[in-house]
Amino acid sequence: LPTRYEPETIGEYFAKRPLAVATRLAQIASVGGGFFASVALDAARGELQANEVERARQLRDVITRLGPFFIKLGQALSIRPDILSPRAMVELQQLCDKVPSFDSKLAFSFIEAELGKPPSALFSEITPEPIAAASLGQVYKATLASDGATVAVKVQRPFVLETVSLDLHLMRLAGGLIRKVPQVAERLDLIALLDEFAPRFYEELDYNIECENGVRIAREMASLPQVMIPKCYPELTS
């Protein structure tokens, strides 16, 4: 899989893996089917507004179970007061930092594999469990063994590139179907939206880019003492 957004390459990759595509489609249907059935029933009964907060809570659970790509969509939806009420937005805003974490033993093994040393050699202290978890990774509070600085250690979720790429591929296929329905295509070009959104998403998966951006903005903001930019450590980033 490419580490940059290349829809044709991604499409070719999953065209050779129909079982993975079918499995993911079945998972999306099984996880989200109950929610959409509930919304349809609310619409039939005229209870969409009355049940909005409860449905937002259910949607948050569905999104969390479906993984990083859908969590990103939920985060975008959580700041849209033109679509949701303030109470419903609050439910989805929990997707920003209250997503279930993955096993810390796995996270620490990733640190050792990527940086060549176990966490105990890199940090004099590190929290045994993450202090926050979001769509792409989770964060530990630690103290650097080298200079005693307090740092945030962000570890990416396992298989996030594969999961995100597959979901984007499926959404692009859906966009192709939508383009064949003139009444919908006139109002929504899903493929164009994805092609605008996805490149930034892939950049977020590259922590080296994030570190470079942090170093750059700290340098460019150095003349403004009222602006605090956390220090990044390129030698401890991968």
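The values are calculated or read from the model by the stated rules, or taken from the named source; none is laboratory data. Computed from a predicted model, the values in this text were never measured in an experiment. Counting neighbours? That spans all protein chains shown, and the Cβs are built from the backbone with ideal geometry, glycine included. To get the accessible areas, we keep the full protein, side chains included, count just its heavy atoms, and leave off ligands, DNA and RNA. Shrake-Rupley method; radii C 1.70, N 1.55, O 1.52, S 1.80 Å.
Are there trypsin sites (Lys or Arg not before Pro) in region 117-204 that DSSP marks as loop and that have at most 12 other Cβ atoms within 10 Å, and which are they?
K180, R187
Just to verify a number: what accessible area does D147 come out at with the full protein assembly present, 1.4 Å probe, Å² rounded to tens?
Answer for D147: close to 90 Å² accessible.
What is the Cα coordinate range of region 24-90 on the first, second and third principal axes, sorted by size from largest, in whole angstrom?
Largest to smallest, the principal-axis extents are 32, 26, 14 Å.
When all protein chains stay in place, what accessible area (Å², nearest 10, 1.4 Å probe) is found for E196?
The accessible area comes out at roughly 130 Å².
What does the accessible area of R57 come to, in Å² to the nearest 10, when a probe of 1.4 Å is used?
R57 has an accessible surface of roughly 90 Å² with all protein chains in place.
Calculate the dipole size of region 140-210 relative to its Cα centre from +1 charges on Lys and Arg beta carbons and -1 charges on Asp and Glu beta carbons; express the result in debye to the nearest 20.
The dipole magnitude comes to about 280 debye.
Under 10 Å, Cα contacts only: if you run a Gaussian network model on the chain, which one of P86, P119, P225 comes out with the highest mean-square fluctuation?
Highest fluctuation among the options: P225.
Which number comes out as Rg/Rh for the chain once both Rg and the Kirkwood Rh are worked out on C-alpha atoms?
Over the Cα atoms of the chain, Rg/Rh equals 1.01.
Once the other residues with Cβ under 14 Å from the Cβ of F14 are scored (Lys, Arg +1; Asp, Glu -1), what is the net sum?
Working: positive: K16, R17, R24, R172; negative: E6, E8, E12, E162, D167.
Residues close to F14 contribute a combined charge of -1.
Rank these by accessible area, largest first, 1.4 Å probe: F35, F110, F159. Provide the component values of the computation, followed by the final result.
Numbers: F35 25, F110 60, F159 150 Å².
Largest accessible area first, the residues go F159, F110, F35.
Between their Cα atoms, which of K72/K98; K72/K117; K117/K141; K16/K154 are more than 23 Å away from each other? Can you show the working numbers first?
Numbers: K72/K98 13 Å; K72/K117 32 Å; K117/K141 18 Å; K16/K154 33 Å.
Violating the 23 Å Cα-Cα cut-off are K72/K117; K16/K154.
At what distance in angstrom do the alpha carbon centres of region 4-21 and region 38-114 lie from each other?
Their Cα centres are 26 Å away from one another.
Binning every alpha carbon pair distance of region 95-165 at 5 Å from zero, what are the percents per bin?
3, 17, 26, 26, 15, 8, 3, 1
Got a sec? Charge dipole of region 185-238, +1 on Cβ for Lys and Arg, -1 for Asp and Glu; which of L190, V215, T237 is way out at the positive end?
Going by the charge dipole, the pick is V215.
Mind pulling up the Rg/Rh value for region 126-238? Radius of gyration and Kirkwood radius, both on Cα.
That ratio is 1.13, to two decimals.
Which of these, F197, F14, F69, has the largest mean-square fluctuation under a Gaussian network model of the chain (Cα springs below 10 Å)?
Of F197, F14, F69, the most mobile in the Gaussian network model is F197.
Need the list of aspartates and glutamates near K180 for cross-linking: C-alpha distance under 12 angstrom, and skip anything on the same chain fewer than eight residues off.
D189
Towards the positive end of the charge dipole of the chain, with charges on Cβ (+1 Lys, Arg; -1 Asp, Glu), say which of Q138, A20, L115 has the farthest Cα.
A20
Where does each of C96, C232, C211 land when they are ordered by accessible area, with a 1.4 Å probe and the largest first?
C96, C232, C211
At 1.4 Å probe radius, can you tell me the per residue accessible area of the chain in Å²?
60 Å²
Only Lys, Arg, Asp and Glu count, each charged at its Cβ (+1, +1, -1, -1), so figure out the dipole size of region 90-172 about its Cα centre, rounded to 20 debye.
80 debye
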